[in-house]
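Trainee: Dropping the structure in here first, questions after.
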Amino acid sequence: MIELHRVSKVYSVGPVKVPALSDVSFRVGKGEFVTLCGPSGAGKTTLLRLLYREEIPTEGEIEVLRQDVTALTRSQVAALRRSIGIVFQDAKLLPGRTVYENVAFVLRVLGTPRREITGRVFDALRAVGLSARAQAYPPQLSQGEAQRAALARAVARKPLLLIADEPTGNLDEGMAAEVIEIVRDIWAGGTTVLFATHQATLAAALKQRTLSLQNGRLLKDEG
Amino acid sequence: MFGFLLGEALRDLRRAGRVAVSAIVLITLSLAALGAFWLLSSNLAEAVVQFRERVKIVVYLKREPSSGESRALVERVRALPGVAVVRYVGKAEALGTLKQVLGKDAAVADALPQNPLPASLEITPTAEGATLEGARALVMRLGALPETDEVGGGVEWMEQFAHGRRLLWLFGLGVGAVLAAAAILTVTTATTLVLHARRDEMEIMRLVGAPEHVVRLPLLLQGMMQGLLGAMLAIWLLVGCYAILGPRVEPLVRETLGLARLTFLRPHNVAFLMLAGTLLGGVGGILARGRAEP
C-alpha cells in the first residue's frame with residue numbers, strides 16, 4: 001500500500017537548508033492501521049504531504065497504491081488522490097456550505113452521479129453520527145463535530161487509504177475518543193489508516209503499529 | 001457535471017459583487033460603443049453603395065454631332081473600360097430638361113437668343129468604374145476624346161465620404177478596444193477576487209483529486225458569464241437607443257444620406273457582439289487564473 005525507501009526532504013529557505021525528513025524507510029500493508037507519532041516539528045505532516053504528492057522528496061523513493069508518486073503527472077496525482085481520504089487538524093470545512101453540502105461538494109467535483117449523492121452523503125454522516133447536523137454550517141459546529149464532518153467528507157468517497165493528520169490535535173479527551181472510534185470503524189471497514197498524532201499516550205492507547213518520528217528521523221517502528 | 005460547474009460559477013459571480021458589476025458595466029459600454037459605431041458605419045456603407053449606383057459622369061461635347069456621328073460616338077464610349085451605360089443628350093433635350101427644372105420660370109429659357117447648352121454624354125460607370133481609381137482613369141479616357149470639351153461629375157466626393165466612413169469605423173474600433181481592455185482588466189480583478197475567495201474550495205478540490213478542468217472551469221465560466229451578460233445589456237441598450245432615437249434621426253438621414261430608414265445591426269452583427277463579450281469575459285477569467293495561480 002505504502003512504501004518509502006530512504007526518503008529525505010530538505011526545505012530551502014533562501015540560502016538556508018532546513019532538513020524536515022532524513023533517510024526514512026518503512027512499509028505499510030493493505031488494511032493496516034499505523035500511528036505516526038512524534039512531537040511538533042518531527043516531520044509528520046511533511047511525511048504525510050509526501051504521500052499524497054503535495055510535496056516531492058529531495059531524495060528517496062515513495063510508492064503509494066503501487067505508484068511511484070515522484071514520477072506522477074498532474075492528472076495522475078489527481079487520480080491517486082481520488083483513492084486517498086485526507087483529514088487535517090483544522091478540518092478544512094467550507095464555512096459557507098452546510099455539513100451536507102461540504103460532503104456533497106467533494107462527490108460533485110469528482111463526478112458522482114446526482115442520484116447517488118444524497119444517499120452517499122447521509123451514509124457518511126450516519127457513519128460519523130452527524131446526520132442530525134446535516135443542515136448546520138461549520139461555524140455552528142463544535143470542534144469535535146467539525147472533525148467528524150471532515151471524516152464524513154473523507155470517507156464518502158470510499159477511499160482505500162485514510163491519512164489523518166492530527167485530527168484530534170485540537171480536541172478535548174471526550175471528543176478525541178469519539179473521533180478515534182470513528183477512525184477505527186473506518187479501518188474495520190477495510191480502509192488502510194495512517195494516523196498522525198503528537199500525543200504519545202494516544203498512540204499507546206490505540207494499540208496499533210506505531211512509527212515514531214523525531215527531528216525528521218524514524219526512531220522506532222513497533223507494534 | 002456542467003450544471004454543477006455553472007452553479008459554482010454563479011456562486012462566484014455573486015461573491016465578486018460590485019467588482020463583477022463594474023466589469024459587466026464596462027463590457028456593456030465597450031460593446032455598446034463598438035455596436036453603435038458599427039451601426040453608423042453600416043448605414044453609411046449602405047449610403048455609399050446607393051450613391052455609387054446613382055453616380056453619373058457627364059462629357060460635354062465641343063459641338064453637337066449629327067445623328068450618325070452621335071451613334072458612333074456612343075458606341076466608341078460604350079467600348080471604354082469602366083463604362084456601363086452611355087446616353088446621348090442633344091442640345092434640345094438639355095434645354096427641355098432645364099425648362100423642366102425651372103418650372104414656372106421656364107419662360108426665361110425661351111427668352112434666350114439661342115440654346116447655350118452643349119450636347120453631352122451621360123455615362124453610368126460600372127462598379128469598378130465608380131471607385132476612386134476607376135473613375136479617375138475613366139475621366140482621363142473621356143477627356144482624351146477629340147469630341148470632348150469638358151468632363152463633369154465624378155466620384156471623388158463619394159470616395160471622401162467612404163473614407164470618412166472608414167475613419168469612423170476605425171475610431172469606433174479604437175474606442176471599443178480601449179473600453180474592452182478596461183473591461184478585461186476589471187474582469188481579471190473580479191476573477192482574482194473570486195480566486196482568493198474560493199481558495200479553500202480549490203484546495204479541497206485538488207486534495208480530493210478533482211480533475212484540473214473541474215477546478216478551473218468555474219473561473220472561466222464566471223468570466224464568460226460576465227461577458228455574455230455585458231453583451232446582452234449592450235445589445236439591449238443599442239436596441240433601446242435605436243427605438244428611441246431612430247425615428248427622430250431618420251428625416252435627417254433621408255435628407256443627407258438618401259437612406260429611406262436607418263437599419264439596425266444584422267443578426268450576425270448581434271451574434272458577433274455576444275461572442276465578443278463572452279470572449280472578453282473569458283480572457284479576463286484566464287488572465288486572473290494565470291495571475292493568481294502557480
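The values are calculated or read from the model by the stated rules, or taken from the named source; none is laboratory data. Given the structure is predicted, the values throughout are model-derived calculations rather than measurements. Neighbour counts run over all protein chains shown; Cβ positions are idealised from the backbone, glycine included. Ligands, DNA and RNA are stripped out before the accessible areas are found, and what is left, the full protein with its side chains, is counted by its heavy atoms. Shrake-Rupley method; radii C 1.70, N 1.55, O 1.52, S 1.80 Å.
Trainee: In square angstrom, what is the accessible area per residue of segment A:27-154 with a 1.4 angstrom probe?
Mentor: 43
Trainee: Please identify the trypsin sites (Lys or Arg not before Pro) of segment B:1-63 that satisfy two criteria: DSSP loop assignment and at most 16 other Cβ atoms within 10 Å. Which are they?
Mentor: B:56, B:62, B:63
Trainee: Using modelled backbone amide H atoms (1.01 Å from N, in-plane), which distant-in-sequence or interchain residues come within less than 5 Å of residue B:84's amide H?
Mentor: B:124, B:126
Trainee: Going down the list A:30/A:158; A:9/A:207; A:9/A:158, which pairs span over 21 Å between their C-alpha atoms?
Mentor: Pairs exceeding the cut-off: A:9/A:207; A:9/A:158.
Trainee: Here's a follow-up. Below 8 Å between Cα atoms, with a sequence gap of 6+, how large is the relative contact order for segment B:56-154 in percent?
Mentor: Contact order relative to length: 48 percent.
Trainee: A further question on this structure: So what are chain A's ellipsoid semi-axes, whole angstrom, largest first, if each one is the square root of 5 times an eigenvalue of the alpha-carbon gyration tensor?
Mentor: Semi-axis lengths for chain A are 29, 20, 16 Å.
Trainee: Using a 1.4 angstrom probe and counting only protein chains, how large is the accessible area of residue B:207 in Å², to 10?
Mentor: The value for residue B:207 is about 10 Å².
Trainee: Enumerate the amide H contacts of residue A:35 below 5 Å, restricted to partners 5 or more residues apart or on another chain; note that Pro and chain-start residues carry no placed amide H.
Mentor: A:195, A:209, A:210, A:211
Trainee: What residues of segment B:208-243 lose no less than 50 Å² of accessible area with every protein chain in place versus their chain by itself (probe 1.4 Å, heavy atoms only)?
Mentor: B:208, B:209
Trainee: Along Cα→Cβ, 7 Å out, is where each label goes; now give me the distance between the ones at residue B:128 and residue B:45 in nm to one decimal.
Mentor: It is 2.3 nm.
Trainee: Here's another thing I want to ask about it. What residue among A:130, A:211, A:72 shows peak mean-square fluctuation when chain A is described by a Gaussian network model with Cα springs under 10 Å?
Mentor: A:72
Trainee: Which distance in Å, rounded to a whole number, links the C-alpha centroids of segment A:65-141 and segment A:201-223?
Mentor: 28
Trainee: Okay, moving on. Using protein heavy atoms only (no ligands, DNA or RNA), what is the total accessible area buried between B and A, 1.4 Å probe, nearest 100 Å²?
Mentor: 1700
Trainee: Let me spell out the model: positive unit charges on the Cβ of Lys and Arg, negative unit charges on the Cβ of Asp and Glu, origin at the Cα centre of chain A. What dipole size does that give, in debye rounded to 20?
Mentor: Computed charge dipole of chain A: roughly 700 debye.
Trainee: Subtract the Cα-Cα distance of residue B:109 and residue B:177 from 0.36 nm times their separation in residues, and report this length gain in nm to one decimal.
Mentor: Contour length minus the Cα-Cα distance gives 18.6 nm.
Trainee: Protein chains only, probe 1.4 Å: how do B:28, A:201 rank by accessible area, largest first?
Mentor: Heavy-atom accessible area, descending, gives A:201, B:28.
Trainee: Of all accessible surface on the protein assembly as shown at a 1.4 Å probe, what whole percent is carbon and sulfur?
Mentor: 60
Trainee: Still on this model: Against the empirical 2.2 N^0.38 Å scaling, what ratio does the C-alpha Rg of segment B:14-168 come to?
Mentor: Segment B:14-168 yields a ratio of 1.63.
Trainee: So what's the gap between the Cα centers of segment B:219-249 and segment B:1-67, to the nearest angstrom?
Mentor: The two parts, judged by their Cα centres, are 12 Å apart.
Trainee: Starting at the first residue of segment A:189-195, write each ³J(HN,Hα) from the Karplus equation 6.51 cos²θ - 1.76 cosθ + 1.60 with θ = phi - 60°, in whole Hz, x for Gly and Pro.
Mentor: Karplus-based 3J(HN,Hα) across segment A:189-195 equals x, x, 7, 6, 10, 10, 10 Hz.
Trainee: Name the residue farthest towards the positive end of the dipole of segment A:65-223 from the options A:140, A:171, A:204, assuming +1 on Cβ of Lys and Arg, -1 on Cβ of Asp and Glu, about the Cα centre.
Mentor: Of the listed residues, the answer is A:140.
Trainee: Which residues, if any, in segment A:77-105 lose at least 40 square angstrom of accessible heavy-atom surface (probe 1.4 Å) when the other protein chains sit next to their chain rather than the chain being alone?
Mentor: A:81, A:92, A:94, A:97, A:105
Trainee: How large is the charge dipole for chain B, taken about the Cα centre, if only the Cβ atoms of Lys, Arg (+1) and Asp, Glu (-1) carry charge, to the nearest 20 debye?
Mentor: 560
Trainee: Here is a further query. Starting from the Cα of residue B:75, step 7 Å along the direction of its Cβ; do the same at residue A:173; then give the gap between the two resulting points in nm.
Mentor: With each label point 7 Å from Cα toward Cβ, the separation is 12.5 nm.
Trainee: I've got another one for you. Taking only the Cα atoms of segment A:156-201, how large is their convex hull per residue, in Å³?
Mentor: Cα-based convex hull of segment A:156-201, divided per residue, equals 80 Å³.
Trainee: In whole angstrom, and with the biggest value first, how far do the Cα coordinates of the protein assembly as shown range along each principal axis?
Mentor: Here the Cα extents, ordered largest to smallest, are 133, 46, 40 Å.
Trainee: Return the loop-located trypsin sites (Lys or Arg not before Pro) in segment A:21-104 (DSSP other than H, G, I, E, B) with at most 11 other Cβ atoms within 10 Å of their own Cβ; answer none if there are none.
Mentor: Here the sparse-neighbourhood loop sites are A:66.
Trainee: Right, another one. For chain B, what Kirkwood radius comes out of the mean inverse Cα-Cα distance, in Å?
Mentor: Its Kirkwood hydrodynamic radius stands at 23.9 Å.
Trainee: Given springs between every Cα pair under 10 Å in a Gaussian network model of chain B, which of B:24, B:184, B:244 has the largest fluctuation?
Mentor: Judging by the Gaussian network model, the answer is B:244.
Trainee: Just read off the accessible area of residue B:93 with the full protein assembly in place, 1.4 Å probe, to the nearest 10 Å².
Mentor: Residue B:93 has an accessible surface of roughly 80 Å² with all protein chains in place.
Trainee: Sequence-distant or interchain residues sharing an amide H contact under 5 Å with residue B:149, placed H: which?
Mentor: Excluding prolines and chain starts, which carry no amide H, the hits are B:60, B:61, B:62.
Trainee: Kindly report the accessible area of chain B per residue (heavy atoms of protein chains, probe 1.4 Å, no ligands, DNA or RNA), in Å².
Mentor: Each residue of chain B exposes 52 Å² on average to a 1.4 Å probe.
Trainee: For every helix of n ≥ 4 consecutive DSSP H residues, a contribution of -39,500 (n - 2.57) applies; sum these over chain B, divide by its total residues, and give [θ] at 222 nm rounded to the nearest 500 deg cm²/dmol.
Mentor: The helix-only estimate for chain B comes to -26000 deg cm²/dmol at 222 nm.
Trainee: Using a cut-off of 17 Å between alpha-carbon atoms, which aspartates and glutamates can reach residue A:92, once sequence neighbours fewer than 8 places away in the same chain are excluded?
Mentor: Those aspartates and glutamates meeting the cut-off are A:54, A:101, A:145, A:165, A:166, B:200, B:201, B:203.
Trainee: What fraction of the DSSP beta bridges in the protein assembly as shown is antiparallel, stated in percent and rounded to the nearest 5?
Mentor: So the antiparallel bridges amount to about 65 percent of the total.
Trainee: Please figure out what share of the DSSP beta bridges in segment A:68-223 is antiparallel and state it in percent, rounded to the nearest 5.
Mentor: Just about 35 percent of them are antiparallel.
Trainee: Once the Cβ-Cβ distance between residue B:254 and residue B:10 is put in as r, and R0 is 60 Å, what FRET efficiency do you end up with, to the nearest 0.05?
Mentor: Using R0 = 60 Å, I get an efficiency of 0.80.
Trainee: Can I get the semi-axes of segment A:33-77's equivalent ellipsoid? Compute them from the C-alpha gyration tensor as square roots of 5 times the eigenvalues, in angstrom, largest first.
Mentor: One finds semi-axes of 21, 12, 9 Å for segment A:33-77.
Trainee: Oh, and also: Using only Cα atoms, locate the centre of segment A:4-46 and the centre of segment B:163-181, then give the distance between them in Å, rounded to an integer.
Mentor: So the separation of the two Cα centres works out to 61 Å.
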